[in-house]
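Remarks on the structure that follows.
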Amino acid sequence: MLQSPMTANSHSQSIASKSMQGRCRLCNGALEKTFVNLGMSPLCESFLTADQLDEMEPFYPLHALVCDECFLVQLKEYVKPEHIFTEYAYFSSYSTSWVEHARRYCEMIKGRLRLGANSLVYEIASNDGYLLQHFLPLGVPVEGIEPAANVADVARGKNIPTLVEFFGLGLAKKLVSEGKTADLIIGNNVLAQVPDLNDFTAGMAHLLAPHGVITLEFPHLEQLINENQFDTIYHEHFSYFSLVTIDRLAKRHGLKVFDVEQIATHGGSLRVYLCLANAAHAVSSNVTELLAHERGSGFEDIGQYARFAEQVHHTKRQLLSFLIDCREKGARICGYGAPGKGNTLLNYCGIGTDFLDLTVDGNPYKHGRYTPGMHIPIHAVSAIDELRPDYLLILPWNLKNEIVSQMRHVGDWGCKFIVPIPCVEIIDPRELTS
């Protein structure tokens with residue numbers, strides 16, 4: 001099943017009232033069922049400057065619902081993408097492991113699809129060129145599509161042609177009219193950030209060459225549930241996907257899922273391969289087996305989704321109990337990282353400067369700013385060596401191995417790492433083997 005059984009009472013409490021009803025962004029069905037309600041929260045990438053701290057800060061419901069017709073888990077659209085993504089604080093290249101993941105992908109997909117000088121690769125939400133840069137030495141022409149001008153400028157500085165636009169059917173028609181059909185369309189962790197899934201998917205299908213392939217990577221809903229990854233729910237992510245819902249979305253737009261891989265990124269993701277429904281790509285047993293697994297696990301049983309909320313509540317109580325005990329004993333705690341998921345965790349749990357003295361991040365864009373909602377100051381990573389805290393709370397827990405390796409020296413003064421998800425874990429770097 002999706003999750004271990006909870007009490008009938010918790011199940012009934014997690015069903016939203018009909019007054020909360022909206023419409024599903026995939027099938028337009030009624031939305032009545034709650035997946036998890038994380039209360040009110042600000043936009044997770046809306047980092048504040050010092051002169052904004054006394055201004056009104058908008059908070060929106062962080063209430064994830066699930067459609068009982070197509071089973072898409074989703075948030076309502078409270079803010080338009082233009083408000084969120086026109087200038088963006090996330091630069092992909094600051095994660096060395098993510099850049100390496102992208103490099104391996106480029107080498108793999110070039111060989112698998114036999115891409116060459118006459119091919120054309122698009123990446124939607126290409127960010128700062130973290131991925132497309134690896135195609136350049138391979139001799140494969142690329143073009144990025146990125147709505148955030150500030151990060152697109154960084155990509156252009158790497159000689160990566162980049163359109164500063166939101167992707168949809170309108171842009172796809174324009175590109176096709178210019179003779180620019182795609183041999184490969186890449187969408188890494190972008191599908192969740194698209195409020196109009198049908199326009200976006202129709203655009204990909206229109207842009208695709210007859211033999212072309214789409215690869216999409218996104219956190220797998222099964223991992224979100226089984227590993228208690230509630231902090232990956234935030235307003236910038238409108239939808240949360242299983243293969244069941246991706247398959248429904250693909251068929252709706254004349255596409256087919258012909259392969260799928262389960263990969264470790266972002267706490268457990270899927271990489272799906274799509275093509276036009278009449279294309280020659282044979283459907284892999286990976287697809288049929290994972291669809292059967294998901295259906296057998298309850299991904300088409302609406303009652304199973306309601307069981308997630310109680311374990312989220314338990315994790316909140318567990319983490320706060322640990323942090324309170326540390327502070328009562330006089331321990332100093334700092335955060336490591338200022339990711340979007342971290343701001344969901346901080347705001348849902350109410351973790352402010354009464355718990356964390358500060359947090360640090362490798363992205364200079366965030367230095368001198370404050371986290372949304374909880375207003376925790378963000379410093380350069382070097383601040384850790386100056387403050388010498390007793391604990392570091394790892395907010396981008398999906399990068400915990402990379403962070404622990406990079407910051408292992410904090411064990412010299414007895415500092416330990418706190419990993420909050422899926423449950424509180426303490427890592428003492430002095431006990432790690434080389």
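The values are calculated or read from the model by the stated rules, or taken from the named source; none is laboratory data. Quick caveat: nothing in here was measured; it's all calculated off a predicted structure. Note that we place each Cβ from the backbone using ideal geometry, even for glycine, and neighbour counts take in every protein chain shown. Surface areas here come from the heavy atoms of the whole protein model, side chains and all, with no ligands, DNA or RNA. Shrake-Rupley method; radii C 1.70, N 1.55, O 1.52, S 1.80 Å.
A few remarks follow.
- Scanning the stretch 163-187 for residues that are outside any loop (DSSP other than H, G, I, E, B), touching a strand residue (DSSP E or B) at 6+ places or on another chain (Cβ under 8 Å) and open to solvent by 10 Å² or more (accessible area, probe 1.4 Å) turns up L163, L171, D183.
- When D196 is tested against the conditions (1) open to solvent by 10 Å² or more (accessible area, probe 1.4 Å); (2) within 15 Å of S126 (Cβ to Cβ); (3) among the acidic types (D, E), the lone failure is (2).
- Residues of the stretch 143-152 that are open to solvent by less than 20 Å² (accessible area, probe 1.4 Å) and either assigned to a strand (DSSP E or B) or of a type in the set (S, T, Y) (or both): G144, I145.
- Residues satisfying the criterion are absent from the stretch 99-120 (criterion: buried (at least 19 other Cβ atoms within 10 Å of the Cβ), part of a strand (DSSP E or B) and in contact with a strand residue (DSSP E or B) (Cβ under 6 Å, 6 or more places away or on another chain)).
- Yes/no for V140 being assigned to a helix (DSSP H, G or I) and either open to solvent by less than 10 Å² (accessible area, probe 1.4 Å) or of a type in the set (A, V, I, L, M) (or both): no
- Taking the criterion of being assigned to a strand (DSSP E or B) and either more than 20 Å from E77 (Cβ to Cβ) or open to solvent by less than 10 Å² (accessible area, probe 1.4 Å) (or both), the residues of the stretch 216-231 that qualify are L216, E217, F218, H220.
Let's see how each residue does on (1) open to solvent by less than 60 Å² (accessible area, probe 1.4 Å); (2) in contact with a Lys or Arg (Cβ under 8 Å, 6 or more places away or on another chain):
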{"site": "N28", "(1), (2)": "no, no"}
{"site": "F35", "(1), (2)": "yes, no"}
{"site": "M40", "(1), (2)": "no, no"}
{"site": "C44", "(1), (2)": "yes, yes"}
{"site": "D51", "(1), (2)": "no, no"}
{"site": "E55", "(1), (2)": "no, no"}
{"site": "P58", "(1), (2)": "no, no"}
{"site": "V66", "(1), (2)": "yes, yes"}
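- Qualifying residue in the stretch 380-387 (condition: out of contact with any Gly (no Cβ under 8 Å at 6 or more places or on another chain) and more than 21 Å from K366 (Cβ to Cβ)): no
- Of the helices (runs of 4 or more DSSP H) lying entirely inside the stretch 232-348, those carrying at least 1 residues that are acidic (D, E) and either farther than 18 Å from T201 by Cβ or more than 23 Å from the chain's Cα centre (by Cα) (or both) are 285-297, 308-328.
Table: residues versus (1) among the basic types (K, R); (2) closer than 18 Å to R332 by Cβ; (3) in contact (Cβ under 8 Å) with a residue 40 or more places away in the chain.
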position	(1), (2), (3)
N347	no, no, yes
G350	no, no, no
T359	no, yes, no
M374	no, yes, no
H379	no, yes, no
W397	no, no, yes
S405	no, no, no
V410	no, yes, no
E431	no, no, no
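- So V164, is it touching a Cys at 6+ places or on another chain (Cβ under 7 Å) and closer than 22 Å to L132 by Cβ: no
- Taking the listed residues L207, L169, L163, the one that is within 14 Å of Y122 (Cβ to Cβ) and touching a helix residue (DSSP H, G or I) at 6+ places or on another chain (Cβ under 6 Å) is L207, with no other qualifying.
- Candidate set from the stretch 70-98 (those that are in contact with a strand residue (DSSP E or B) (Cβ under 8 Å, 6 or more places away or on another chain) and either outside any strand (DSSP E or B) or open to solvent by 20 Å² or more (accessible area, probe 1.4 Å) (or both)); member that is modelled with the lowest pLDDT: V79
- Residues of the stretch 331-348 satisfying the condition of being modelled with pLDDT of 95 or more and open to solvent by 10 Å² or more (accessible area, probe 1.4 Å): A331, R332, Y336, N347, Y348
Residue by residue, here is whether (1) assigned to a strand (DSSP E or B); (2) in contact with a strand residue (DSSP E or B) (Cβ under 8 Å, 6 or more places away or on another chain); (3) surrounded by fewer than 21 Cβ atoms within 10 Å (Cβ to Cβ) holds:
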site	(1), (2), (3)
H375	no, yes, yes
V381	no, yes, yes
D385	no, no, yes
L393	yes, yes, no
N401	no, no, yes
S405	no, no, yes
H409	no, no, yes
D412	no, no, yes
P422	no, no, yes
